[in-house]
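In what follows, a single structure is set out as structure tokens and then discussed.
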Amino acid sequence: MHVDVVDQPELRIAGIRHIGPYHEIGKAFGSLGGLLKGPPPAGSMMIGVYHDDPDKTPASQLRSDAAITLPNNAPTPDGLIENRLPAGRYAKLVHRGGYEGLPAAWKALKSEWLPKSGFTNASTSYELYVNNPMTAAKADLITEIFLRVA
């Protein structure tokens, strides 16, 4: 597993909240697509934001956001809630393949890499979906995983 520690800029995002098990966020992404009523603004990327530690928070209470990144000049699409993700230092892991492999990638990052890294998990984490599952083959999907560290 290759992990880079990178300085990420603040991200402006717009999305909808999902409460419940993280693996069920796909339903929220479906709702997000319906609210967008067309392609997202130019320069946007799909992003999944995860606010709670699933080892400490009951699955039924986990908070996550299905969202898009917004360039600074883009208006927030109707029906979406705008937020900002903090700038800071993040551990970055690139996952290639289907989304069903993401839980194992997160587990490896948190249980294998993090304890040996000298860092601690600082707060909210997120996934940037680099390509589109509607147009890319499952094996070619690329997801960048970001875990904020201190």
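The values are calculated or read from the model by the stated rules, or taken from the named source; none is laboratory data. Because the structure is a prediction, the values reported are computed rather than measured. Every residue, glycine among them, receives a Cβ derived from its backbone with ideal geometry; neighbour counts consider all protein chains shown.
Picking from residues in segment 116-150 that are of a type in the set (Val, Ile, Thr) and surrounded by fewer than 12 Cβ atoms within 10 Å (Cβ to Cβ), the one that is farthest from Ala104 (Cα to Cα) is Thr135. Looking only at residues of segment 59-82 that are aliphatic (A, V, I, L, M) and surrounded by 15 or more Cβ atoms within 10 Å (Cβ to Cβ), we find that the one that is modelled with the lowest pLDDT is Ala74. Just so you know, in segment 14-42 the residues that are over 18 Å from Gly98 (Cβ atoms), small (Gly, Ala, Ser) and surrounded by fewer than 17 Cβ atoms within 10 Å (Cβ to Cβ) include one that is modelled with the highest pLDDT, and it is Gly20.
Yes or no, residue by residue, for (1) in contact (Cβ under 8 Å) with a residue 24 or more places away in the chain; (2) of a type outside the set (A, V, I, L, M, F, W, C); (3) touching a His at 6+ places or on another chain (Cβ under 7 Å):
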| position | (1), (2), (3) |
| --- | --- |
| Val5 | yes, no, no |
| Pro9 | yes, yes, no |
| Ile13 | yes, no, no |
| Gly20 | yes, yes, no |
| Leu35 | yes, no, no |
| Gly38 | no, yes, no |
| Ile47 | yes, no, no |
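Restricting attention to segment 43-53, does a residue exist that is of a type in the set (S, T, N, Q), closer than 20 Å to Glu144 by Cβ and surrounded by fewer than 17 Cβ atoms within 10 Å (Cβ to Cβ)? Within segment 43-53, not a single residue is of a type in the set (S, T, N, Q), closer than 20 Å to Glu144 by Cβ and surrounded by fewer than 17 Cβ atoms within 10 Å (Cβ to Cβ). Tyr126 meets the conditions (1) hydroxyl-bearing (Ser, Thr, Tyr); (2) over 18 Å from His23 (Cα atoms); (3) not in a loop (DSSP other than H, G, I, E, B) in every case but one. The failed one is (2).
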